[in-house]
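Chemist: Structure below; questions to follow.
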Amino acid sequence: MSTEEHSVAELTTKVGLVFQNPEDQLSGVATSVYEEVAFGLSMLGFPHEVIREKVLDSIKKVGLSGFENRSPFSLSGGEQQRLAIATVLAIKPEVLVLDEPVAQLDPIGKSEVLNVIKQLKKEKLTIVIAEHEIEELATFVDRIIVLYNGGITATGSTKDVLTKVEMLKNIGIDSPSVTELTYVLNNEYGFSFKDSPINLSEAIKIYKALGNLK
């Protein structure tokens, strides 16, 4: 095995990747949720008792306890995406990478998946999310890197980046709705908000400070 091949093999045990479409993640041969999560572990040679422990733990973390005997293809889109996440969590990665994990989901499925990601973040797992629509992420991500034209256009804390309304618009990215609203109020209607919100809870506090809302 070459050095490069060895590095890739080692990386697969440290970095877990979740695809945008959960059907691309699933094996297609497992007949149950339990078997789907166990599939990758069995390929890596884990003993049966270890596989069972890891599978049940991963299923619990994504909120699918009780679904162990369900067919993966009987699940909703959001449930399939959570199952896909579980298959990756089972190998205990140090870094979880998600490629637009909620892009193909309805509002309920999107909420379910985002809640799982938020919970995993609390467990100190390093999470990297590639996403075009950033409004949903503004409530919990710590840092944003904006990529454009093959390079890094901006990087910094979530608030620092998302409040650069003009810069983001110039490259085709919309800031959160409340951020854009505050920008318009300041620049077109003569308001003077000193802070710019990036989510609804921040916006309520800032707007109430004007004394016009009770």
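Chemist: Would you be able to tell me the number of residues in the range 61-111 that are closer than 19 Å to residue 126 by Cα, surrounded by fewer than 17 Cβ atoms within 10 Å (Cβ to Cβ) and among the charged types (D, E, K, R)?
Modeler: Selection size over the range 61-111: 4.
Chemist: Out of all the residues in the range 14-33, which are over 23 Å from residue 102 (Cα atoms) and crowded, with 16+ Cβ neighbours inside 10 Å?
Modeler: 30
Chemist: Taking the range 8-22, which residues are at pLDDT below 90 and part of a helix (DSSP H, G or I)?
Modeler: At the first step, the residues of the range 8-22 found to be at pLDDT below 90 are 8-14.
Passing the criteria: 8, 9, 10, 11, 12.
The values are calculated or read from the model by the stated rules, or taken from the named source; none is laboratory data. Everything numeric in this text was worked out from a predicted model, so none of it was measured. Cβ: placed from backbone, ideal geometry, glycine included. Neighbour counts: every protein chain shown.
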